[in-house]
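One structure is given below, encoded as structure tokens.
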């Protein structure tokens, strides 16, 4: 739940949802359906007025800001729509940022593998401003992967990209799950993007409005139409 | 447009407050200085109007010598002339007046009153109505062993009528019976001064010379105007006495003027520092306007896109600047009232206590402060406003507010031209051009360094940040990058630190050099084991008889006194050192270039080699020396000596003053002993125990004398402290604006795992790098300026430049701390950044 008192706005109301390890889950819903709020809450960015969030064996709701921050470094990866990268840091520095903040070197072999997967080895020394939008998002994906988090949350990761670059980035995310065994939760309103997921959770007015397994763009669009009515 | 401007300004109250803060700080010191000087001037005006209330005419010697900092020393008036004055038509009453040096010694052996505070006087208490004193308790003093003192001193020293009181004056140290306590008009002590009062013959003999007073105070019988009365007296006086008669109104006015002149020096001194503060403040104002217009780029571009003309955007920002300038200066003026009290406390802390009653605020102080503050604000806003007007409408579509960074070639050229011009001016002044040229040169060098700032900020900032990045890992390296990501902004933020630090460093370097020089000079010239030194400088000192008394102390092998007296040499006022060549021989050792120190007789003078060369004087040339009472003494140059600065540029035999009205005091008494046990105790009993100066060993004396420059340095640094505060506020403002600008980035960092303390660290280290960048360039510039100052003063005896290593380290450490402190609030704000809001894409 979100908000309190008589004028409370129930951004999320009685939502119980589980995201399984090693799978790519998408959250879909119309604007204001609470999909971003849901993601922020489960990612430990936002607090709940009631209810609980658990990542692995970590209970987030009772954690202090410091504990939550440290949890985000190691257990959670983030990919945002824009402003994903720190402009003063190079691509490589951005990738290992959560590890650097934790004062850890990380698993070098894993990081190398991630970098090879996103295919930007020759651009690692560049600043974000010297990279294209697609490259920037790929660096963001790599950063999310670098610490081998329990879960990666992506908020409209392709919202600012043209469709070709978008597919590229989504492809990487798909491979991170299939080939590298990562767990991704992605918020999107784009049916095509959602179709890259193993499972889709639909939200409407802060409530769960259905689920879909093995989605295709057509099925997703149908479902959205139904939701709109 | 006006309404839009005010709406847009009001929409960003925080920014408005920050900009105003810079203006408030910049103007408050200026207004503080005005209020401070108004207040003390008024206080003294009231005081002297009061003091000369019953004086209709004032008779004094017409011969005088001006001394530096707004004073004069005047010849004496013979008391024999008093009957003539009393007989003059229109005179009801007249009395002798003395205001000479006398120090009342407390029961604990410590002199009453501050060492460098208000003067300590000796004077005459008489029954005459024209006299300035009223007996409050007891009776008037009569005969050579009675005295009265002012109420404040009596209270201070715990004296009551009947006590025995020790007083030190020109003729020595004596004990008197306290027979009364007096008040000065309605006040217990005028201006915090202390007064020991005697009957006229005792005062004359003890304080001046038998038969002499300073002046006559005359009261008219009311039958004629003050002018007629003065003329009446003047016409009766023997012209050969060289006496002049002033009206009561005139002497009150003159006394006020003299005090006013002394206050004027102080005011000028303070005004210089307030202008420095304002200059530094204007940098902060300029910086804030630059950053805020850059952050408002989209807003201004939008205005342009929907049809605002360039001029309209520019004008809108200028209107905003005027409004902020007026409000900020008004608030600055008001905070100046607090500053004026602070100045008073500051001067008191440095021994210059100034009496003041209430608070006096002239309307002109308010007008000047507000006009100056507003003009400075507008000037600081012009460039940013023009820049805002030039924003292309298309920028409305762009995302962030990045200030443009040019190629820097033009900047480099301007900086180099300014540097070359400044260097040339400095070189010219070293070669002998006017000091004004030097000032211009220094300003140009400052301008060059500040112009080049944006080019220097990046490499220097990166260099300073390297160890921080190495030590603090990712937070350090992000701080390092943040500090240089906008070199223009960093340079502007650091400029106030740079200027403040450069000035502090220059004075520190200068003081260090003076200290070394004085230490060397005293070490060479002073050959004794002990020294007794008087805390008084300029007015009073140790009785000249003290040297003989000290010489008689068992275990003392030799003792000699050294004093300073104002005379006119070839028509110019100069202080000459006065010695007794016989007892000084081997104890005060002038480094003679020509001639012999021992050949200094009553008809001779020693001058420094450099002065002799500058004036083209040779051994045997006769200088025309005029004493305070107008006596002419032709003195032949017996020798020239090296190294001045400490023991004076001219030296004469004390016998030169024999038979004149000059009051002689010793500043120092130098002593050699046989080293026997208990000699120091015996010396102490003869001197310090009687309130006569302070006794120091050779090493203590050298430390003390060379350390005196530290007091002035401390005062200057305290005054520059305000500039440093403004610099700190400048850093705070810039950091706040940067944190605001980067709130998205900070939110992202927090999202991916930056803790609050790491966020704090990043902002703090950025602040430290900025502050140290300013400090490092300031230190470099300051050392250069210090060396230059020494170079310019080489002719005045200060030649060796000493690098202030300790001082520089202290400055850098302080700058580091400043960086940490300035970051506190911005860092706190950064840790409070709302992650959700910062990363939300809409």
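Given the options B:444, B:419, B:436, name the one that is touching a helix residue (DSSP H, G or I) at 6+ places or on another chain (Cβ under 9 Å), part of a helix (DSSP H, G or I) and modelled with pLDDT under 85. Before the answer, list the steps.
On the way: B:444 fails: modelled with pLDDT under 85; B:419 fails: modelled with pLDDT under 85.
From the options B:444, B:419, B:436, the qualifying one is B:436.
Got at least one residue in the range B:828-835 being under 26 Å from residue B:499 (Cβ atoms), away from chain A (no Cβ under 14 Å) and touching a helix residue (DSSP H, G or I) at 6+ places or on another chain (Cβ under 9 Å)?
So the first thing to find is which residues in the range B:828-835 are under 26 Å from residue B:499 (Cβ atoms), and the list is none.
No - not one qualifying residue is present in the range B:828-835.
Run down B:505, B:490, B:475 and say which single residue is assigned by TED's automatic domain parsing to the domain that holds residue B:765, under 30 Å from residue B:705 (Cα atoms) and in a helix (DSSP H, G or I).
Working: B:490 fails: under 30 Å from residue B:705 (Cα atoms); B:475 fails: under 30 Å from residue B:705 (Cα atoms).
Being assigned by TED's automatic domain parsing to the domain that holds residue B:765, under 30 Å from residue B:705 (Cα atoms) and in a helix (DSSP H, G or I) holds for just one of B:505, B:490, B:475, which is B:505.
Determine whether residue A:165 is in a helix (DSSP H, G or I), more than 24 Å from residue A:99 (Cα to Cα) and in contact (Cβ under 8 Å) with a residue 12 or more places away in the chain.
Working: in a helix (DSSP H, G or I): yes; more than 24 Å from residue A:99 (Cα to Cα): yes; in contact (Cβ under 8 Å) with a residue 12 or more places away in the chain: yes.
So residue A:165 fits the description; yes.
For the condition away from every other protein chain (no Cβ under 14 Å) and in contact (Cβ under 8 Å) with a residue 12 or more places away in the chain, what is the one hit in A:54, A:61, A:88?
Values: A:54 fails: in contact (Cβ under 8 Å) with a residue 12 or more places away in the chain; A:88 fails: away from every other protein chain (no Cβ under 14 Å).
Matching residue, one of A:54, A:61, A:88: A:61.
Can you say whether residue B:511 is away from chain A (no Cβ under 14 Å), more than 23 Å from residue B:693 (Cβ to Cβ) and touching a residue at least 24 places away in the same chain (Cβ under 8 Å), as far as the supplied structure shows? Lay out the reasoning, then the answer.
Values: away from chain A (no Cβ under 14 Å): yes; more than 23 Å from residue B:693 (Cβ to Cβ): yes; touching a residue at least 24 places away in the same chain (Cβ under 8 Å): yes.
It is true that residue B:511 is away from chain A (no Cβ under 14 Å), more than 23 Å from residue B:693 (Cβ to Cβ) and touching a residue at least 24 places away in the same chain (Cβ under 8 Å).
Got at least one residue in the range A:103-117 being farther than 26 Å from residue B:487 by Cβ and within 9 Å of chain B (Cβ to nearest Cβ)?
Quick first cut of the range A:103-117, residues farther than 26 Å from residue B:487 by Cβ only: A:103-117.
With within 9 Å of chain B (Cβ to nearest Cβ) added as a condition, the list becomes A:103.
Checked the range A:103-117: at least one residue is farther than 26 Å from residue B:487 by Cβ and within 9 Å of chain B (Cβ to nearest Cβ).
All but one of (1) touching a helix residue (DSSP H, G or I) at 6+ places or on another chain (Cβ under 6 Å); (2) part of a loop (DSSP other than H, G, I, E, B) hold for residue B:560; which doesn't?
(2)
Given B:284, B:245, which one is in a strand (DSSP E or B) and crowded, with 22+ Cβ neighbours inside 10 Å? I'd like the intermediate steps shown before the answer.
Working: B:284 fails: in a strand (DSSP E or B).
Step by step, each of B:284, B:245 is checked, and only B:245 is in a strand (DSSP E or B) and crowded, with 22+ Cβ neighbours inside 10 Å.
Pairs please, first residue from the range B:473-495 and more than 9 Å from chain A (Cβ to nearest Cβ), second anywhere and surrounded by fewer than 22 Cβ atoms within 10 Å (Cβ to Cβ) and not in a helix (DSSP H, G or I), Cβ atoms under 8 Å, 6+ apart in sequence or on different chains.
That search, which allows pairs on different chains as well, returns B:486/B:402; B:486/B:403; B:486/B:405; B:487/B:405; B:488/B:403; B:488/B:405; B:489/B:403.
For residue A:197, which of the numbered conditions (1) within 19 Å of the chain's Cα centre (by Cα); (2) buried (at least 17 other Cβ atoms within 10 Å of the Cβ); (3) in a helix (DSSP H, G or I) fails to hold?
All conditions are met except number (3).
In this structure, does residue A:83 turn out to be part of a loop (DSSP other than H, G, I, E, B), within 12 Å of chain B (Cβ to nearest Cβ) and within 30 Å of residue B:760 (Cβ to Cβ)?
On the way: part of a loop (DSSP other than H, G, I, E, B): yes; within 12 Å of chain B (Cβ to nearest Cβ): yes; within 30 Å of residue B:760 (Cβ to Cβ): yes.
When the stated conditions are applied, residue A:83 passes them.
Every residue, every condition in (1) surrounded by fewer than 22 Cβ atoms within 10 Å (Cβ to Cβ); (2) within 14 Å of chain A (Cβ to nearest Cβ), yes or no:
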| residue | (1), (2) |
| --- | --- |
| B:690 | yes, no |
| B:693 | no, no |
| B:699 | yes, no |
| B:707 | yes, no |
| B:715 | yes, no |
| B:722 | no, no |
| B:744 | yes, yes |
| B:750 | no, yes |
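Among the residues of the range B:548-556, is there at least one that is at positive phi, in a loop (DSSP other than H, G, I, E, B) and touching a strand residue (DSSP E or B) at 6+ places or on another chain (Cβ under 6 Å)? Even if it seems obvious, please write down each step before you answer.
Let us first name the residues in the range B:548-556 that are at positive phi, namely B:555.
Within this subset, residues satisfying the condition of being in a loop (DSSP other than H, G, I, E, B) are B:555.
Filter once more, so that each one left must be touching a strand residue (DSSP E or B) at 6+ places or on another chain (Cβ under 6 Å): B:555.
Yes: the range B:548-556 contains one or more residues that are at positive phi, in a loop (DSSP other than H, G, I, E, B) and touching a strand residue (DSSP E or B) at 6+ places or on another chain (Cβ under 6 Å).
The values are calculated or read from the model by the stated rules, or taken from the named source; none is laboratory data. None of these values were measured; they are calculated from a predicted model. Neighbour counts run over all protein chains shown; Cβ positions are idealised from the backbone, glycine included.
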